[in-house]
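**Q** One structure, pasted below without further comment.
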Amino acid sequence: KLDDDYRLMPGSPAIDAGDPLVELTVDAVDLAGQPRVAFCRIDAGAFENQEAFADCNDNREPDGCELADGTVDDCNNDGVLDACQRASTDLNGNRIPDDCDCQGDCNMDGGDGVVDIDDLLAVINAFGDTFSACDVEPLPTGNGIVNVDDLIAVINSFGECP
């Protein structure tokens, strides 16, 4: 016999996985009559989990609340803190999802949000190095050595990061 209880269990990937752009009224409720938003972020599905919350960075703060109040980054708006992205979405290991990386911004750990002369100098200084943050071309992880392709990528990316 199948269990007909569709409430979310602790640890469910559906917790805090609802669309953050959904506009709800203050008195919105789920199918059980419970508040539709718990811990600052809507769950996916018909029932809102009232007992457990996602906390991927283990700081005892609900991820949904951290996202809502802007104390953490979610550059691609996927509902997952950038610092908690799976390795498969952060192939270069800089703790920024690859689809949010600013190609060419390599002068600091994770970059500084601008591709400028500092990045150009960083590539020149790292020329020939392996496993460098300045190995940016081809996307997403480079080719293992800082070379002319990386220099061109930095020049072509000059300016503010998107």
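The values are calculated or read from the model by the stated rules, or taken from the named source; none is laboratory data. None of the values given here were measured: they were computed from a predicted structure. Cβ coordinates were reconstructed from backbone atoms using ideal geometry, including for glycine residues, and neighbour counts include every protein chain displayed. Note: areas computed on protein heavy atoms with side chains; ligands, DNA, RNA excluded. Shrake-Rupley method; radii C 1.70, N 1.55, O 1.52, S 1.80 Å.
**Q** Could you give the accessible area per residue of the range 39-89, probe 1.4 Å, as a whole number in Å²?
**A** Ligands and nucleic acids excluded, the result is 56 Å² per residue.
**Q** Among [x] 61, 36, 25; [y] 46, 38, 37; [z] 55, 36, 35, which one is Cα extents along the principal axes in Å computed from these coordinates?
**A** [x]
**Q** Within the chain, what is the longest stretch that has no trypsin sites (Lys or Arg not before Pro) placed in a DSSP loop and near at most 13 other beta-carbon atoms within 10 Å?
**A** It works out to 87-162.
**Q** Hey, any idea what % of the chain's accessible area is carbon plus sulfur with a 1.4 Å probe?
**A** That fraction is 55 percent.
**Q** Going highest first, how would you order 98-107, 129-138 by mean Cβ packing within 10 Å?
**A** Peptide ranking by packing, descending: 98-107, 129-138.
**Q** For Ala38, which sequence-distant residues (separation of 5 or more, or a different chain) have an amide H within less than 5 Å of its own amide H, given hydrogens modelled in the peptide plane?
**A** Answer set, sorted by chain and number: Asp43.
**Q** In degrees from 0 to 90, rounded to the nearest 10, what is the angle of the helix 117-126 Cα long axis to the longest principal axis of the chain?
**A** Roughly 70 degrees between the two axes.
**Q** 5 Å is the cut-off here: which amide hydrogens, built 1.01 Å from N in the peptide plane, fall below it relative to Val114, excluding neighbours closer than 5 in sequence?
**A** For Val114, whose amide H was placed from the backbone, the distant partners under 5 Å are Cys161.
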